[in-house]
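First the structure, in the form of structure tokens, and then the observations on it.
None of the figures in this text is laboratory data; all of them are computed from the coordinates on show. Keep in mind it's a predicted model, so treat the numbers as computed, not measured. Neighbour counts are summed over all protein chains in view; Cβ atoms, including those assigned to glycine, are modelled from backbone coordinates with ideal geometry.
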Amino acid sequence: MRCPYCGHDDTQVKDSRPSDDNMAIRRRRHCPNCGGRFTTFERIQLRELTVVKRSGRRVPFDRDKLLRSVEVALRKRSVEPERIERMVSGIVRKLESGGEGDVTSEEIGRLVMEGLKGLDDVAYVRFASVYRNFREAKDFEDLIDELTGEPEDGPAGPRPSAKLHG
């Protein structure tokens, strides 16, 4: 494994152990050339996945990009990293075991929204606002209604709109 600090080709494994979710091996490495220390993860990959974007462009699936987008939605929320890692690993397993090497960005977004809905409501709304390309406050109201299960027009008639203060 190449050292990320100096580029030396021959680093040494100092410690290996299973990750918290037992779906990866965590390895602590040391570079004898510069003395740098870093961590790598070895994961099972059932198949190579290709993401088909809305534009039709095809790109290799990147687990780290998926994790980063989930972490952005969860920024400043008190969710344990282990729960985030379990959610992302679950999404990747579903995608890899789905039978197809091609997955749409919509399918990935849907799975992330499902996972975030069970993890953190605020992160769910944050992710949905980007994924669904919200343009106005009404889009947020509709999503909140969807999340809470409240119809916009209940037995007493239309629900009063929330006022936004800016």
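Applying Stokes-Einstein at 10 °C and 1.306 mPa s to the Kirkwood radius of region 5-83, computed over alpha-carbon pairs, gives a translational diffusion coefficient of 102 µm² s⁻¹.
Computed from phi, the 3J(HN,Hα) profile of region 113-123 under the Karplus parametrisation 6.51, -1.76, 1.60 (θ = phi - 60°) reads 4, 4, x, 5, 4, x, 9, 6, 4, 5, 5 Hz, with x in place of Gly and Pro. With both labels modelled 7 Å from their Cα along Cα-to-Cβ, the Leu147 to Glu42 distance reads 4.1 nm. As a ratio to 2.2 N^0.38 Å, the alpha-carbon radius of gyration computed for the chain takes the value 1.35. For GluC sites (Glu not before Pro), the sites in region 1-82 that DSSP calls loop and that have at most 12 other Cβ atoms within 10 Å are Glu48. Partners of Lys94 within straight-line reach, counting lysines whose Cα lies under 23 Å from its Cα and excluding those fewer than 8 residues away in the same chain: Lys53, Lys65, Lys117. Highest mean first, the peptides 7-18, 30-41 sorted by other C-beta atoms within 10 Å per residue fall in the order 30-41, 7-18.
P(r) tail for region 45-139: Cα pairs beyond 24 Å make up 21% of the total.
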